[in-house]
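The values are calculated or read from the model by the stated rules, or taken from the named source; none is laboratory data. Everything numeric here is computed off the predicted structure, so don't read it as measured data. A quick note on method: Cβ atoms are made from the backbone with ideal geometry, for glycine too, and the neighbour counts reach across all protein chains shown. Accessible surface areas use protein heavy atoms only, side chains included; no ligands, DNA or RNA. Shrake-Rupley method; radii C 1.70, N 1.55, O 1.52, S 1.80 Å.
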Amino acid sequence: MSDKVLFFDTTLRDGEQCPGASMNLRQKLEVARQLEKLGVDIIEAGFPCISDGDFEAVSQIARTVKNCRIAGLARCVENDIRQCAAAVAPAGDRARIHTFLATSPLHREFKLKKSKEEIISMAVAGVKLAKSLVADVEFSAEDASRTEHDYLAQVVEAVIEAGATTVNLPDTVGFTTPQEYIDMIQYVCKHVKNIDKAVISVHCHNDIGLAVANSLAAVTAGARQVEGTINGIGERAGNAAIEEVAMALSTRPEAFGFAAGEQPHHLNTREIVKTSRVVSRMSGLSVQRSKAIVGENAFAHSSGIHQHGILAKRETYEVIDPAIVGWGETELPLTKHSGRAAVKARLEKMGHTLSDAEVSQVFERFKKVGDSKKFVYDDDLASLVNDSLDTHNGAWKMVDIQFVAGSAARPTATVQLEKEGRTYTDCAIGNGPVNACFKAIDRITKSKGALVDYNVRSTSVGQDALGEVTVKVQFGDCDCKPVSGKGAATDVIEASARAYLNAVNRNLTLESLATNA
Ligand code: KIV
Ligand code: ZN
């Protein structure tokens, strides 16, 4: 067993369960390729039996990614496990089935309505079936942190005996504390006689803000697989942020039971910032500015005292060299004179694997933006990729937008959209130009969205910077999860309309997946 900590990335499964974070196939593949560059050990690519879209995504990722294990999630029931095996099959001997079943008294009594013995036999049967289909089987005892220790130990021993090679002990509701988690793992290590035949894994949620601390505590107790997501996205308050766990281990190995100077994991940390950005763009979820490691302010020093200290010796106020996590690796910006080949090469360097037709689509937008802006920075370009390609067959595309606004004028917008070769035009009056654009889009697309969140930021520097707008829109009744959308343009009203249209398109994708499921 490797003594290094293995990273099991669940951005594409638990992360994608985050409200508003759904990704289409192209976006999932982009994230998976970047996770491969980052060097995560296992990618949990989805929950294959949940929808055809998830099945397809897991199977395409299993086909595309060559250097990571590919896991799919399955409940401990035959149909889920068989579908999961089929979805991960293209990964060959790198395929993993991750099957789970809740073990805590609350889940046993109220959710599953099963006795302790029934749970053990379901878990054993599920693991045995999975083992007959793939060699690499992970079992998760959902809500392990609220399960009686002696019963948890019995479950763990039984699933290892049945063939599980990784046993995950999740803190499903983000309730435990570092010491409690250590006690639980030590108990399992002491009382499970075959524990040396499996890797102990942990999976922490962040409901009381302890996901990273609990994951690190678990490592000191002997866990050698940490599950988490990039930027900490995930259900409710999210999952443990992989970049934070990784950098805590790299920066302070001796604090977590490793030798000073040892690299306790396999990640290529220089890919961290890039991965964070890819996930943020693809999921539509912005990263908090002051977020550790990957937030824009993570290495910004505004006070004079700190700036002076940094200039005298970086270590006075910085515990990590920002270059180690990939900050500051910016290239010369492109300009309107840059040709298609230069744009294509830069896109490839940024990690975007695009077809020729997609490059042409992005290049078309690049040319328009280049006309109204002196420099096009990598972040600008990334926003354009998102904006130009976040579409699917049958999606609405922005053709033109005109608006009138002013202190005395009635805000009016005329929007022209295209779908499957036909153009549609409509106009609307709103309480401001942005609202008027949204209403005109609603009229054309026959949707009815209610804006629940709106943010604008500049993707680069200068007065001609691109404005990137993120919106969250509720379609249908108020029980539906809001859908997020992003759009970028030098004009923030156009960027807002693009973001809204992006949310409309995402909602259409979700609706069609739901009807096909
Ligand atoms: O939080 C959880 O317990 C999970 C399991 C499916 C691993 O996501
Ligand atoms: Zn989870």
Inside the range 172-196, can you point out the residues that are open to solvent by 90 Å² or more (accessible area, probe 1.4 Å) and either of a type in the set (S, T, N, Q) or in contact with a Gly (Cβ under 6 Å, 6 or more places away or on another chain) (or both)? GLN179, GLN186
Would you pick out the residues in the range 28-79 that are open to solvent by less than 30 Å² (accessible area, probe 1.4 Å) and assigned to a strand (DSSP E or B)? ILE42, ILE43, GLU44, ALA45, GLY46, ILE70, ALA71, GLY72, LEU73, ALA74
Please tell me if ARG224 is over 21 Å from GLY326 (Cβ atoms), in contact (Cβ under 8 Å) with a residue 60 or more places away in the chain and open to solvent by 50 Å² or more (accessible area, probe 1.4 Å). no
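So that you can scan it fast, the table gives a plain yes or no per residue for (1) more than 14 Å from ASN505 (Cα to Cα); (2) hydrophobic (A, V, I, L, M, F, W, C); (3) not assigned by TED's automatic domain parsing to the domain that holds PHE366:
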{"site": "TYR377", "(1), (2), (3)": "yes, no, no"}
{"site": "THR412", "(1), (2), (3)": "yes, no, yes"}
{"site": "GLY421", "(1), (2), (3)": "yes, no, yes"}
{"site": "VAL434", "(1), (2), (3)": "yes, yes, yes"}
{"site": "ILE444", "(1), (2), (3)": "no, yes, yes"}
{"site": "TYR454", "(1), (2), (3)": "yes, no, yes"}
Any hit, the range 402-412, residues being crowded, with 19+ Cβ neighbours inside 10 Å and either out of contact with any Lys or Arg (no Cβ under 9 Å at 6 or more places or on another chain) or at positive phi (or both): yes
Among the numbered criteria (1) within 16 Å of ligand 2 (Cβ to nearest atom); (2) open to solvent by less than 60 Å² (accessible area, probe 1.4 Å); (3) out of contact with any helix residue (DSSP H, G or I) (no Cβ under 8 Å at 6 or more places or on another chain), which one does LYS111 miss? (2)
Within the set of pairs 6+ apart or on separate chains, which have a first residue in the range 272-284 that is under 9 Å from ASN231 (Cβ atoms) and open to solvent by 10 Å² or more (accessible area, probe 1.4 Å), a second that is at pLDDT 90 or above and not in a helix (DSSP H, G or I), and C-beta atoms under 6 Å apart? SER280/VAL287
Which pairs turn up if I take residues in the range 133-160 that are within 11 Å of ARG108 (Cβ to Cβ) and assigned by TED's automatic domain parsing to the domain that holds GLY174 and look for partners that are open to solvent by 10 Å² or more (accessible area, probe 1.4 Å) and aromatic (Phe, Trp, Tyr) with beta carbon separation below 6 Å, at least 6 apart in sequence or on another chain? GLU142/PHE100
Does LYS373 satisfy the condition of being charged (D, E, K, R) and buried (at least 20 other Cβ atoms within 10 Å of the Cβ)? yes
Search the range 138-171 for residues being over 30 Å from the mean Cα position of the chain (by Cα) and of a type in the set (Asp, Glu), and hand back the single one that is surrounded by the fewest Cβ atoms within 10 Å (Cβ to Cβ). ASP150
Taking the range 173-197 and keeping residues within 16 Å of ligand 1 (Cβ to nearest atom) and touching a residue at least 40 places away in the same chain (Cβ under 8 Å) leaves GLY174, TYR181, MET184
Hey, which of the strands (runs of 3 or more DSSP E) in the range 404-461, taking only ones fully inside, have at least 3 residues that are over 30 Å from the mean Cα position of the chain (by Cα)? 412-419, 422-429
Would you confirm whether any residue within the range 114-137 is among the charged types (D, E, K, R), crowded, with 20+ Cβ neighbours inside 10 Å and more than 16 Å from ligand 2 (Cβ to nearest atom)? yes
Checked pairs for the range 338-365, first within 17 Å of MET282 (Cβ to Cβ) and without any contact (Cβ under 8 Å) to a residue 40 or more places away in the chain, second open to solvent by less than 20 Å² (accessible area, probe 1.4 Å) and outside any helix (DSSP H, G or I), C-beta under 9 Å and 6 or more apart or across chains, list as GLU358/HIS352; VAL362/HIS352
What is the number of the single condition among (1) modelled with pLDDT of 95 or more; (2) under 18 Å from THR275 (Cα atoms); (3) within 15 Å of ligand 2 (Cβ to nearest atom) that CYS18 does not meet? (1)
